[in-house]
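Q: Pasting a structure here, questions to come.
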């Protein structure tokens, strides 16, 4: 993810309502040196309406498939993981659902 929402400061990606897309979040900058993701504790989208499926992790990355969503809604996804050192780490990203055109 390379886009930053100016209102929230969150990284964001855009998807269309009818798409199912895979997204990967890298925790490398949040993990202590030499630690890896050990498990996914939770992954939620707010508001309701965006479907999260096929959650997986490997190394420092967490991936998920996202589907559905309502046109014009910005969804905040909160991911909570634990690492191989026993730390619990939380991060947020945004998915903006748009049919086409510019993202505001």
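What follows draws every value from the coordinates through simple rules; no lab data is involved. Just so it is clear, the model here is predicted, and its values are computed rather than measured. Positions of Cβ are generated from backbone atoms using ideal geometry, with glycine treated the same way; all protein chains shown enter the neighbour counts.
Q: Counting DSSP beta bridges in the chain, what percent are antiparallel, to the nearest 5?
A: Roughly 90 percent of the DSSP beta bridges within the chain come out antiparallel.
Q: Extending each Cα 7 Å along its Cβ direction at residue 22 and residue 99, get the distance between those two points in nm, one decimal.
A: About 3.0 nm, to one decimal.
Q: Let me ask something additional. At 0.36 nm per residue, and after removing the present C-alpha to C-alpha distance, how many nm does the segment from residue 56 to residue 42 gain when stretched out fully?
A: 3.9 nm is the gain from fully extending residue 56 to residue 42.
Q: Calculate log10 I(q)/I(0) of the range 10-65 for q = 0.12, 0.20 Å⁻¹, where I(q) comes from the Debye formula with a single equal point scatterer on each Cα and nothing for solvent.
A: -0.33, -0.84
Q: Something else about it: Averaged over every viewing direction, what's the projected area of the C-alpha convex hull for the chain? Give it in nm², one decimal, please.
A: About 6.3 nm², averaged over all directions.
Q: Related question: Where is the GNM fluctuation largest for the chain (alpha-carbon springs, 10 angstrom cutoff): 52, 89, 33?
A: Sorting by GNM fluctuation, first place goes to 33.
Q: Now a separate question. For the chain, set up a GNM with springs between Cα atoms under 10 Å and report which of 34, 42, 63 has the largest fluctuation.
A: 34
Q: Then there is this: Neighbour counts of other C-beta atoms within 10 Å: give me 73, 4 arranged from fewest to most.
A: The most exposed by this proxy come first: 4, 73.
Q: Could you check which residue among 22, 54, 38 shows the biggest mean-square fluctuation in a GNM of the chain with a 10 Å Cα cutoff?
A: Among 22, 54, 38, the largest mean-square fluctuation in the Gaussian network model of the chain belongs to 54.
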